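Read the structure below first, then the notes.
The values are calculated or read from the model by the stated rules, or taken from the named source; none is laboratory data. Quantities reported herein were computed from a predicted structural model and do not represent experimental measurements. FYI the Cβ positions are ideal-geometry reconstructions off the backbone, even for glycines, and counts take in every protein chain you see.
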Amino acid sequence: MFVKETKKRTAFKSVTWRMVAIVNSWLVLVAVKDPHSNFTKALIMNITGFLVFYIFERIWSKIKYGRIILKEKDE
């Protein structure tokens, strides 16, 4: 059994990920108050972005929208 993802699913995942990533970045920028901590902000954004992306992908793995299950590999 093989799973194929439709273009609509990929597009929807991409758009929703960008929205989540923007919110993540905004929250980090608001939460870190030190004006001289650009490196710290970038580091926190990358760490939280990694964690949020992991959760995002785990949630999407349970969503059936736009998934096609094939019996044989369709190339």
Residue check for VAL20: in a helix (DSSP H, G or I), modelled with pLDDT of 90 or more, loosely packed, with under 11 Cβ neighbours inside 10 Å and of a type in the set (Val, Ile, Thr)
no
Sort out which residues of the stretch 28-44 are of a type outside the set (Val, Ile, Thr) and outside any helix (DSSP H, G or I), and write them in order of number.
LYS33, ASP34, PRO35, HIS36, SER37
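This table checks each residue for (1) among the hydrophobic types (A, V, I, L, M, F, W, C); (2) out of contact with any strand residue (DSSP E or B) (no Cβ under 8 Å at 6 or more places or on another chain); (3) surrounded by fewer than 15 Cβ atoms within 10 Å (Cβ to Cβ).
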{"position": "ALA11", "(1), (2), (3)": "yes, yes, yes"}
{"position": "VAL30", "(1), (2), (3)": "yes, yes, yes"}
{"position": "ASN38", "(1), (2), (3)": "no, yes, yes"}
{"position": "LEU43", "(1), (2), (3)": "yes, yes, yes"}
{"position": "VAL52", "(1), (2), (3)": "yes, yes, no"}
Name the residues in the stretch 45-75 that are assigned to a helix (DSSP H, G or I) and either out of contact with any helix residue (DSSP H, G or I) (no Cβ under 8 Å at 6 or more places or on another chain) or farther than 26 Å from PHE12 by Cα (or both), would you?
ASN46, ILE47, PHE50, LEU51, TYR54, ILE55, GLU57, ARG58, ILE59, SER61, LYS62
